[in-house]
Every structure is written in structure tokens, then in C-alpha cells.
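The values are calculated or read from the model by the stated rules, or taken from the named source; none is laboratory data. The structure displayed is predicted, hence computed values, not measured ones. Here the Cβ is made from the backbone with ideal geometry for all residues, glycine too, and neighbour counts use every protein chain on show.
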Amino acid sequence: MKLLLVVAAALVDADNRVLIAQRPEGKQLAGLWEFPGGKLDPGERPEDALIRELNEELGITVKAPCLAPLTFASHAYEEFHLLMPLYVCRRWEGFVAPAEGQAIRWTRARDLRNFDMPPADAPLIAPLIDLLG
Ligand code: C5P
């Protein structure tokens, strides 16, 4: 089974709310709400990939020390097995501005269960509730 490494972030604002983004039409799992992030380029380190993706997708600048690893998703999709570390990030530069037309929401961790998420993302909710309430 092919392994796919994807890195994701829980951006947390001053009110302890978490950002989720809706996967755009035309992508796999379109319409589902996910933690922003993406695949590593060849040779790229996970934190560098996440910093790049957050800049490309949301227009913000994150510094590596502001990324704190929280938990790790492991989910077998039909075509690949996804491994996905989740980092918590409370500090960034710039304003969140979705660059690819994605809808975004800021939500309490305990309200994340109200959103349809990819099966790999759903198990990440409980550790976020433990952290953020
Ligand atoms: O975002 P991208 O399409 O590059 O991600 C590759 C695959 O990883 C998706 O098709 C999806 O199956 C999975 N994924 C996920 N949860 C995320 C991001 C990606 O399950 N937050």
C-alpha cells in the first residue's frame, strides 16, 4: 500500500477558535471541511511543507517555532495510506485570506463535530478538544 504524508495545521485564534477550510470542487473529497495543509514536495521537511502550504492556501506567514506538534492521523484510504501529523499554530503574520476560493470557518474545537470532515481528519478533533476545550 502506498504511503502518503500530508501535514496539517490547527490555526488557533485569540478566542481559542480553530480554522477549517472547505475542500474546493474538482478535488477529491470536495465539500468536506479539513484542517489546512497538504503534501510534502520531494525532499521537503514537514514543517517547511506546512509553512509553504499555509502561505499558498491562506496567504499567511508562519515561523517554524510557532508550529507545535499535537497529534498524528493514520488512515487507510482505498488508494493510499495517509499519515498526517497535526501541528497547532497560534501565531502568524498577515491576515487569513483563502487564495484558492475555499470557504473557511473559525469554530470552537467542540463544534468541529458538526462539520463533515475527511475520515482522516475526524480523529484529530478529540485531542484538540482536550487542548482547547
Ligand atoms: O489536499 P490534497 O488533495 O493534496 O491531499 C491529498 C489527499 O490527502 C486528499 O485526497 C485526501 O484524501 C487526504 N487529506 C485528508 N485530510 C486533509 C488533507 C488531505 O484526508 N486535511
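State all residues of the range 115-133 that are of a type in the set (D, E, K, R), surrounded by fewer than 17 Cβ atoms within 10 Å (Cβ to Cβ) and within 15 Å of the ligand (Cβ to nearest atom); if no residue qualifies, say none.
So in the range 115-133, the residues of a type in the set (D, E, K, R) come out as 116, 121, 130.
Retained after the next criterion (residues that are surrounded by fewer than 17 Cβ atoms within 10 Å (Cβ to Cβ)): 116, 130.
Listed by number, the list holds a single entry, Asp116.
If the condition is being over 12 Å from the mean Cα position of the chain (by Cα) and crowded, with 17+ Cβ neighbours inside 10 Å, then the range 76-105 contributes Leu82, Trp92, Val96, Gln102.
Determine if the range 107-114 includes at least one residue that is farther than 18 Å from Val7 by Cα, among the hydroxyl-bearing types (Ser, Thr, Tyr), surrounded by fewer than 19 Cβ atoms within 10 Å (Cβ to Cβ) and in contact with a strand residue (DSSP E or B) (Cβ under 7 Å, 6 or more places away or on another chain).
yes
Quickly run through the range 11-49 and pick out the residues that are modelled with pLDDT under 95 and either in a strand (DSSP E or B) or among the acidic types (Asp, Glu) (or both). Across the range 11-49, the qualifying residue is only Glu25. For the range 11-23, the set of residues classified as under 18 Å from Pro69 (Cα atoms), of a type outside the set (Lys, Arg) and more than 11 Å from the ligand (Cβ to nearest atom) consists of Leu11, Val12, Asp13, Asn16, Val18, Leu19, listed by residue number. A search for C-beta distances below 8 Å between a residue of the range 73-87 that is under 15 Å from Leu29 (Cα atoms) and any residue that is assigned to a strand (DSSP E or B) and of a type outside the set (A, V, I, L, M, F, W, C), counting only pairs 6+ apart in sequence or on different chains, returns His75/His81; Leu82/Ser74; Leu82/His75.
Here is a yes/no grid of residues against (1) in a strand (DSSP E or B); (2) of a type in the set (Phe, Trp, Tyr); (3) at pLDDT below 95; (4) more than 19 Å from Ala21 (Cβ to Cβ):
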position	(1), (2), (3), (4)
Ile51	no, no, no, no
Pro85	yes, no, no, no
Val88	yes, no, no, no
Ala97	no, no, no, no
Leu112	no, no, no, no
Ala126	no, no, no, yes
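Selection of first residues in the range 8-36 that are polar (S, T, N, Q) and of second residues that are surrounded by 13 or more Cβ atoms within 10 Å (Cβ to Cβ), restricted to Cβ pairs under 7 Å at least 6 apart or on distinct chains, gives the following pairs, ordered by first then second residue: Asn16/Leu132; Gln22/Trp33; Gln22/Gln102. Please determine whether any residue of the range 63-79 is within 15 Å of Ala9 (Cβ to Cβ) and of a type in the set (Asp, Glu). Scanning the range 63-79, I find no residue that is within 15 Å of Ala9 (Cβ to Cβ) and of a type in the set (Asp, Glu), so the answer is no.
Tell me whether the range 1-10 contains one or more residues that are hydrophobic (A, V, I, L, M, F, W, C) and modelled with pLDDT under 95. For the range 1-10, residues hydrophobic (A, V, I, L, M, F, W, C) and modelled with pLDDT under 95: present.
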